[in-house]
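Here is the structure we will look at, set down as structure tokens.
Derivation of every value follows stated rules applied to the coordinates shown; laboratory data play no part. All values derive from a computational prediction rather than experimental measurement. Cβ sites come from the backbone with ideal geometry, for glycine too, and all protein chains shown count toward neighbours.
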Amino acid sequence: MTEPKSIDMLRLIERLYPICRSITGDGVRETLRILQEHAPLEIHEVPSGTPVFDWTVPEEWNIRDGWIKNPSGEKIVDFQQLNLHVLNYSEPVHKKVGLDELKEHLFTLPDHPDWVPYRTSYHNRNWGFCMEHRLFQSLEEGEYEVCIDATLEPGSLTYGELLIKGRTDEEVLFVTHICHPSLCNDNLSGIAVATSLAQKLAAQNLHHSYRFLFLPATIGAITWLSRNQDKLDRIKHGLVLCLLGDRSTFHYKKSRKGDAGIDRIVRRVLEKSGKPFETLEFYPYGYDERQFCSPAFDLPVGRLSRSVHGEFPEYHSSADNLEFVSEESLKESLAFLGQLVEQIEGEEVYINLKPECEPQLGRRGLFKAIGGQSDTKDFQMALLWILNLSDGSHSLDDIAERSELDPAILRKAVDELLKTDLLGETR
Ligand code: ZN
């Protein structure tokens, strides 16, 4: 099989950057449709008003335009220039207001007077604008015209899902949030890395099945969990992916369990990388790990990011732009996840189904299968090591360590042995 051309993650981010996303609406649909060009994810729609645990799927928000005109009739804030200018989920408004009333609906960042903040009002009906503090300070008395051409009405919540089927239905879950508008690290980086990883895994022969969820944060995760409770016991490992494009070192937030397989595996791969990293204990705030780790489910789901949300000045502001993410960081994040998948697959334990003496490999065409390759000898040794150590207590990783063979050759040998009556999957 030829591997598909890998995604240019930075170009994907540039393409998605101008789209105004929110927890519902056409921006999310358009984003998911673009992702479908790279990975065959399914788009799900859940109607507004659907009860999901203690929540309800909200009304759908769509916006066409938004602006403020000053007393001289000049547009001083324009949604078309930057979608962060409109308070996300603003109700529609078109009226004239005095400066005092206007100020009650303005959001700024006094510490960074040239940046525009990202603010939302999902659960309180309100209208508002976000602007540079410098502009805010220069506003003069007078009558302003405000317009937000948006709709907030029954529709649906949209999310994307992709299941890459492995040889078993034991699942590894990757979750990333898709609800933020023009912000690059948070979370176009997570979206681009997850899509790229999905594309790579789709071309591989894997033990586990890999499920990718592209969800609006919080309400999307709650909605998915409420609709998929029958699938949760298949989840062996899970990871929330976010903030993967900035230049910080990796931060891993442990699952609620704290000692789940994913906690150990991520740590091991981080240690192997030889680069500095930080591990955070679980706390019930942050991204969607807190839904997957809620007490009813307590799933083995951790979170991988570079910077941590709220702990860098550009967070939730217009400074989280295309310059804030780097191609090198995106590639390093993707490579890390590739190594993580290798580690997860490598921890698999297989069972020799004919453990009484050596089985006849030649009779099963196993030596012939790789005839002429320069790594033939290693491959034959890989077959023998796998059969000898697959007694239920050695993982592929253990076998790699003991045999000192290349893990890729061992995996190829496993693939061939699984086609015969000699080796079985555990589960
Ligand atoms: Zn955020």
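Overview of results
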| quantity | calculated |
| --- | --- |
| Linear extension gain, ASP298 paired with GLU323, 0.36 nm per residue minus alpha-carbon span | 5.3 nm |
| Among ILE13, HIS177, LEU405 - extreme Cα towards positive end, dipole of the chain, charges at beta-carbon | LEU405 |
| The chain: mean projected area of Cα convex hull, nm² | 22.4 nm² |
| Top positive-direction residue, dipole computed over the chain with Cβ charges, set TRP61, LEU299, HIS112 | LEU299 |
| Anchor LYS231: lysines whose Cα lies under 18 Å away (excluding residues fewer than 8 positions away in-chain) | LYS165 |
| D (Stokes-Einstein, µm²/s), Kirkwood Cα radius, region 53-134, 0.692 mPa s at 37 °C | 240 µm²/s |
| Most fluctuating residue given options LEU206, LEU99, LEU197, as computed from a GNM of the chain linking Cα atoms under 10 Å | LEU99 |
| DSSP bridge pairs, the chain: antiparallel proportion in percent, nearest 5 | 65 percent |
| Peptide ranges 240-248, 387-395 listed from the most packed, as the mean C-beta count within 10 angstrom indicates | 240-248, 387-395 |
| Mean Cβ neighbour count within 10 Å, used as a protection proxy, ranking 413-419, 50-56 highest first | 413-419, 50-56 |
| Full-stretch length increase - GLU358, TRP55 - with 0.36 nm per residue and alpha-carbon distance subtracted | 103.2 nm |
| Sorted by Cβ neighbour density within 10 Å, fewest at the top, the residues LYS254, LYS69 | LYS69, LYS254 |
| Gaussian network model of the chain, Cα within-10 Å springs - most flexible of PRO407, PRO92, PRO295 | PRO295 |
| Taking VAL193, VAL86, VAL46 and counting other C-beta atoms within 10 Å, the order from fewest to most | VAL46, VAL86, VAL193 |
| Full-stretch length increase - SER393, TYR283 - with 0.36 nm per residue and alpha-carbon distance subtracted | 36.2 nm |
| DSSP-assigned coil residues among GluC sites (Glu not before Pro) in region 259-304, each with at most 14 further Cβ atoms within 10 Å | GLU281 |
| Of ARG21, ARG33, ARG11, the one that fluctuates the most in a GNM where the chain has Cα springs shorter than 10 Å | ARG11 |
| Exposure proxy order (Cβ contacts within 10 Å, fewest to most) of CYS184, CYS147, CYS357 | CYS357, CYS147, CYS184 |
| Residue pairs, from the table LYS200/LYS331; LYS236/LYS275; LYS200/LYS272, whose Cα atoms sit over 20 Å apart | LYS236/LYS275; LYS200/LYS272 |
| Pair GLU101, SER48: separation of 7 Å Cα→Cβ label points (nm) | 2.5 nm |
| Sites GLU140 and ARG247, calculated FRET efficiency, Cβ-Cβ separation with R0 45 Å, nearest 0.05 | 0.65 |
| Charge dipole of the chain about the Cα centre (unit charges at C-beta), most positive-ward option of SER121, GLY155, GLY98 | GLY155 |
